[in-house]
1. When the chain is fully extended, how far beyond the present Cα-Cα distance does F102 get from V232, taking 0.36 nm per residue of separation?
2. Mind telling me which of I135, I44, I216 comes out most flexible in a GNM of the chain, alpha-carbon contacts under 10 Å?
3. What are the ³J(HN,Hα) couplings of segment 5-20, residue after residue, when phi is run through the Karplus curve with 6.51, -1.76, 1.60 and θ = phi - 60°? Round to Hz, x for glycine and proline.
4. Label M1 and R247 with points 7 Å out from Cα along Cα→Cβ: what is the distance between them in nm?
5. What full-extension length gain, to one decimal in nm, is calculated for R168 and E58 as 0.36 nm per residue of separation minus the Cα-Cα distance?
6. For A81, enumerate residues with amide H under 5 Å from its amide H, sequence gap 5+ or separate chain, H modeled in the peptide plane.
7. Show me, for segment 161-173, the HN-Hα J-couplings you get by feeding each phi into the Karplus relation (A = 6.51, B = -1.76, C = 1.60, θ = phi - 60°), rounded to Hz, glycine and proline as x.
8. Of the listed values (i) 53, 43, 35; (ii) 61, 51, 35; (iii) 47, 37, 37, identify the label whose number matches Cα extents along the principal axes in Å calculated from this model.
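The values are calculated or read from the model by the stated rules, or taken from the named source; none is laboratory data. Only a predicted model underlies this, so the values are computations on that prediction, with no experimental measurement involved. Note that each Cβ is placed from the backbone with ideal geometry, even for glycine, and that neighbours are counted across all protein chains shown. Accessible surface areas use protein heavy atoms only, side chains included; no ligands, DNA or RNA. Shrake-Rupley method; radii C 1.70, N 1.55, O 1.52, S 1.80 Å.
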Amino acid sequence: MRETWRLIEHPALPGAFNMGADYALMKAVSRGDSPPVLRLYRWIVPAVTIGYFQVIDEELDAEACASDGVPIIRRITGGGAVLHEFEITYSVCVPLAHPLAFGTVLDSYRGLLAPVIEALARVGVTAEYQPVNDIVTNGKKISGSAQTRRDGVLLQHGTLLLDLDAARMFRYLKIAPEKLAGKEPAGAASRVTSLREMIGPRAGGEAFIGEMNAAIIGSFRDKCSIEFSESVLSPAEEEDARGARERLFENPAWNRDRAVKP
């Protein structure tokens with residue numbers, strides 16, 4: 001018998017609310033108020049997120065972000081700095097007792113990224129899992145993900161790049177010397193790709209976004225034996241999302257120094 005998950009498809013929203021919504025859903029699953037959740041969303045304006053453990057000045061040009069009005073938001077998940085602009089973002093919340101959360105971190109990434117890889121295949125892009133947390137096609141990264149495990153729940157969210165402005169990305173993101181290996185930033189940019197590069201201009205339209213979302217939903221349904229119940233944030237989750245937005249993701253004490261308990 002297939003299990004039933006909630007499915008939430010959000011329109012483009014501010015970055016701080018997107019992070020607040022994932023936080024609220026994680027809390028709802030932790031309390032037992034919600035079954036597992038798949039959420040698909042976008043970003044209404046560009047934003048940069050950094051991983052839970054990162055130091056802003058080591059990862060970003062904060063002055064460039066401020067000059068361009070690009071907010072910097074610290075995630076509750078790990079991973080690296082990301083410019084969110086032309087993308088579909090997914091998040092999954094499952095209890096740690098769920099089969100998709102069993103085993104090592106690599107096991108859970110492999111299991112949760114398999115439907116995303118299958119979704120790419122459904123729109124004509126052959127891709128594969130690259131440990132620890134990436135999906136690559138033709139040797140180039142097209143998707144990255146990040147995880148946290150807290151309060152008995154695994155929260156994983158990740159990007160699927162629709163398009164890429166490499167110059168803008170590397171205006172904000174610093175590249176570690178070991179990643180450059182003597183190359184210019186353009187060399188690092190050449191290791192990232194997008195759906196537009198892979199399948200052409202149709203990847204940028206609203207119709208394609210609907211097609212890609214449907215492919216992700218269908219792949220999770222088929223590969224993980226899930227039925228979905230279309231859903232929205234409950235009033236309690238809306239309140240939790242707003243609270244997390246104010247207390248954490250719009251709070252300089254959190255975003256700058258992680259000086260607030262999540």
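1. Stretched fully, the F102-V232 segment lengthens by 44.1 nm.
2. I44
3. So the Karplus estimates, Gly and Pro as x, are 10, 7, 10, 10, 10, 9, x, 5, 9, x, x, 5, 6, 4, 5, x Hz.
4. 3.6
5. 37.8 nm is the gain from fully extending R168 to E58.
6. G51
7. The phi angles translate into 6, 7, 8, 8, 10, 5, 4, 5, 4, 8, 6, 9, 8 Hz.
8. Correct label is (i).
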